[in-house]
Structure formats: structure tokens, C-alpha cells
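The structure appears below as C-alpha cells.
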Amino acid sequence: MSSIEIRPLQPFGAEIRGIDLDTDHDAATIAAIRRAWAEHGVILFRGQRLDESDIVRFSARFGKLEIHVRREYLSRDHPELLLVSNVHDNGRPVGILGDHEVGWHHDQSYLPRPALGSLLYAVTLPAGGGNTCFADLAGAYEALPPAMKRRLEGLRAVHSYAYFNGTWSEPTSDAQARATPDVTHPVVRTHPETGRKALYVDPGMTPRICDLPEDESRALLDELFAWCTRPEFVYEHRWRPGDALMWDNASTMHRRGEFDPREQRLMKRTTILPPAERAVPV
Ligand code: OGA
Ligand code: MN
């Protein structure tokens, strides 16, 4: 087993040192990383030199990888890789999300079996801007007053990719829209591996809570969003080339800041699905 060093980030997350992700690792090392990922919500590996097959091979140690519905932004050689970029090739963007702000969201929460995690690898970065912030929705849930926890019990919310795309992302084709209908999930998600509870709503993907009048749903969502984006729950990541950042989509949400459109940013992402035997959030 590699002797990895786990150093907490503030106010949550952890940097893992002493490991190169482009080599093979034994099951004990992967298990230690998996534990750190679930425990800290966000884990950072700096100074990596990964080609596309390295990113896919390492990510696949943690679960089945999703092929994103936005086929036009996938790597040609590795469809498990989604390019996140404002770089253009022959007049067409090679990646998704451009150079604008991207509001708070979970990745692939609109799937019936929502994503467990994502890994984002930084290839090319602008001189400034484009930071990615993460909110600790497990910590935010645990710190809620007991009366609010009781109020949330049994509630479900709508997760809508169409809602997200209307504000923060490029429009989908009709076929892509049909492939990603709205779904509902519990407002409090139980982590399929740790059993820890976390808020599972976000401003980008969640238009409403089911079975509540619209004004009540809006007020409750706004109250929860104001709570979980307080600075004590938010880690802001300033990227360096060679950073590989892996986050837990069951216990965190993220947003990205804008950057200068004259600069280039190229990131490569995998999306990790939950284990099949515990497919549905409970
Ligand atoms: C993502 C995403 C943030 C970023 O890839 O899921 O939200 O920093 N990207 O580009
Ligand atoms: Mn995202």
C-alpha cells in the first residue's frame, strides 16, 4: 500500500499527498482514498500528469462511469470523459460550460440513479478566475436546528436538467432533453456508502419541493440555500494545472466563477455512479 498523507483543507475537504494517479494502486490504497473521499467530501491531488486513459482508469476504481448525455462535448477517444472548456475548434466549443459563472448544482442529480461523484482534472487554466466552490451539505444538514430536520423528513424535490440548462448551461437537443426528464429525490439524501445524511437540493437543479404550495416551496428552498452557502460550509478551490479534484455528489454541491473569455480553460471530467446494489438514495 502507498503511504499517502491526508491533510484537511478549510473549512472542509482534504488534500492527499504522496500518490501519483497515473500508476496502478492496490486495493488497500484505493480503499483508503475512498474513505477519505466519503469522509471529507472533496479530495485534492496536486501535481498530477495524467493522460486521458489515466483519468479514466483511476476514476473507474471507484465505480461505473457515466457517459454524459452531451455527446458533443465528450472526448473522442474516451467517451467517459466530458470536456469542460471555453476552447473552440473550427468555430465549435470543444467543451461544456464556457467561461461564464455556473451556479450551485450537483452533477447528474437529474438521473434516477444520481451520480455519486465526479473527478475534474485541470489541463489549461486562465491566469485568474474560474475558481470552483464546494458546499458541505452533510455538515450543513447536521448543523440545522432539530425543528428544521423534522420539517424536511419525508420531503422530496424535483431535479431538472432543463431548469439548470435554462440558466447555467448550453441548451440541449430535443433528443437530449427527452433522455433527461425531471426526476424526484429525497430532500435529505443518505450516502449510499457511509449512511451519512446530507441536504440534496441545490439552486441550479431544484426548481421546487414536491407537494408544497409554490410560495412555501420557494421560501423553504431559499432558506436552505442561504444556510448551506454560509462561509463556514464552503471550500473555494483555486486551480493549478495538474490538479485532480474528486468530489462527493451525495454530500456536496459546487459552483464555478467566471473568467476572462480571452483566456483558455480546459478541464476533463469523469462522473462516478453509485454501486448498483444500493442504486436508489434511501
Ligand atoms: C463540472 C463543473 C466546474 C468547473 O465539471 O461539473 O461544474 O470548475 N465544473 O469547471
Ligand atoms: Mn458540475
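Things worth noting here:
- Using the Cβ-Cβ distance between GLU101 and CYS210 with R0 = 30 Å, the FRET efficiency computed as 1/(1 + (r/R0)^6) comes to roughly 0.60.
- Across every direction, the projection of the convex hull enclosing the Cα atoms of the chain has a mean area of 14.6 nm².
- Of the trypsin sites (Lys or Arg not before Pro) in the stretch 228-270, those whose Cβ has at most 10 other Cβ within 10 Å and which sit in DSSP loop: ARG262
- Gain in span if fully extended, VAL87 to ASP20, counting 0.36 nm per residue against the direct Cα distance: 21.4 nm
- Cα pair distances of the stretch 111-156 binned at 5 Å [whole percent]: 5, 11, 15, 16, 16, 14, 9, 7, 6, 1
- Kirkwood hydrodynamic radius of the stretch 191-282, Cα pairs, Å: 16.3
- Protection-proxy order for peptides 32-45, 187-200, each taking the mean of Cβ atoms within 10 Å per residue, highest first: 32-45, 187-200
- Considering the stretch 34-162 at the alpha-carbon level, its Rg and Dmax are found to be 17.2, 56 Å.
- Each part gets one Cα centre, and for the stretch 10-24 versus the stretch 134-183 those centres are 28 Å apart.
- Percent accessible area from carbon and sulfur atoms, the chain, protein chains only, probe 1.4 Å: 50
- On a per residue basis, the chain carries 44 Å² of accessible surface, using protein heavy atoms and a 1.4 Å probe.
- Normalised per residue, the volume of the convex hull around the Cα set of the stretch 170-234 (Å³): 143
The values are calculated or read from the model by the stated rules, or taken from the named source; none is laboratory data. Just so you know, these numbers come straight off a predicted model, no measurement behind them. Cβ atoms come from the backbone with ideal geometry, glycine included; neighbour counts cover every protein chain shown. Keep in mind that these areas ignore ligands, DNA and RNA; they rest on the heavy atoms of the full protein, side chains included. Shrake-Rupley method; radii C 1.70, N 1.55, O 1.52, S 1.80 Å.
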